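The structure under discussion appears below in the form of structure tokens.
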């Protein structure tokens, strides 16, 4: 405590810790209220918000799920104060707007970026997150051996890592990402879910962590994104480069009996799947046993109107599982 009468400015680390604590408390307050929200695709989100009646939020869910602007009184004072203390409140005309939203999965709440996710460091959660985490949970349930070590590559909100950690309490679970904002939100989400032991670190693929893994899960960006947004652009002419790089890393870092569960997407060209063909080429002679299936044959149809997808007849999302024999 200072006795000079002069305030001691907080360090950047102290300020960051304070804002993170406020967002954590906001998440817990929403849990106590029974708040739930399922995040839809960006196209559906935009369509629903374009309805005239939805121009302004009238409920907490409108403001913190649908990312609609809101006027004073829509959010209870306590939630408003926590949103402000968390650095996530901004002016919007004669009202306000939240820079973050909270979505539900697996009976947990996850903090992520507000809609629209246009910033280069946006932290995305949506239907593909649910599908990836479901695939990881299903694979874990079918696994006969105990899980010793798992990693979520490009963890984003850490929904996948948290789902694994909840079901394998003795395992070491790591989440890695190159997006510092994602890692910040992931740490808050891990505390919110009561899975503080999930280790989170900045890493390009697995360059920042050592050792082998019994389970590698990933939901990398897989779109052809002319804006080159980190959370969305998969790289290369088909948006596959990051998915293929993860395959290469898995070949090197899976422990005997370990598996990769890769959730990705692909533009289908004249009935052919270029991701499947490229993955088969990469995995040939690797010793990995692998399966590949379409989870949904027709997603993100609005992208077919863009120049980037004029070669594709549809966009599918897929799960590739590869296992290294013991």
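Below is a table of values for the structure above.
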quantity: Residue satisfying condition, being closer than 19 Å to residue 321 by Cα and either surrounded by fewer than 24 Cβ atoms within 10 Å (Cβ to Cβ) or over 14 Å from the mean Cα position of the chain (by Cα) (or both), within set 227, 136, 245; calculated: 245
quantity: Looking only at region 131-154, and only at residues there that are touching a strand residue (DSSP E or B) at 6+ places or on another chain (Cβ under 6 Å) and assigned to a helix (DSSP H, G or I), the one that is farthest from residue 216 (Cα to Cα); calculated: 131
quantity: Lone qualifier among 287, 210 - being modelled with pLDDT under 95, within 22 Å of residue 149 (Cβ to Cβ), out of contact with any strand residue (DSSP E or B) (no Cβ under 9 Å at 6 or more places or on another chain) and in the same structural domain as residue 182 (by TED's automatic domain parsing); calculated: 287
quantity: Scope region 188-199; condition over 14 Å from residue 108 (Cβ atoms) and either in contact with a helix residue (DSSP H, G or I) (Cβ under 8 Å, 6 or more places away or on another chain) or modelled with pLDDT under 95 (or both); matching residues; calculated: 197
quantity: Meets criteria (buried (at least 17 other Cβ atoms within 10 Å of the Cβ), in contact with a strand residue (DSSP E or B) (Cβ under 7 Å, 6 or more places away or on another chain), free of Cβ contacts under 8 Å to residues at least 40 places away in the same chain and under 23 Å from residue 40 (Cβ atoms)) for residue 98; calculated: yes
quantity: Positions within region 265-280 being in a loop (DSSP other than H, G, I, E, B) and surrounded by fewer than 17 Cβ atoms within 10 Å (Cβ to Cβ), in sequence order; calculated: 270, 271
quantity: Of all residues making up region 281-313, the number that are loosely packed, with under 13 Cβ neighbours inside 10 Å, more than 24 Å from the chain's Cα centre (by Cα) and part of a helix (DSSP H, G or I); calculated: 3
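The values are calculated or read from the model by the stated rules, or taken from the named source; none is laboratory data. Note that the coordinates shown come from a computational prediction; the quantities given were computed from them, not determined experimentally. FYI the Cβ positions are ideal-geometry reconstructions off the backbone, even for glycines, and counts take in every protein chain you see.
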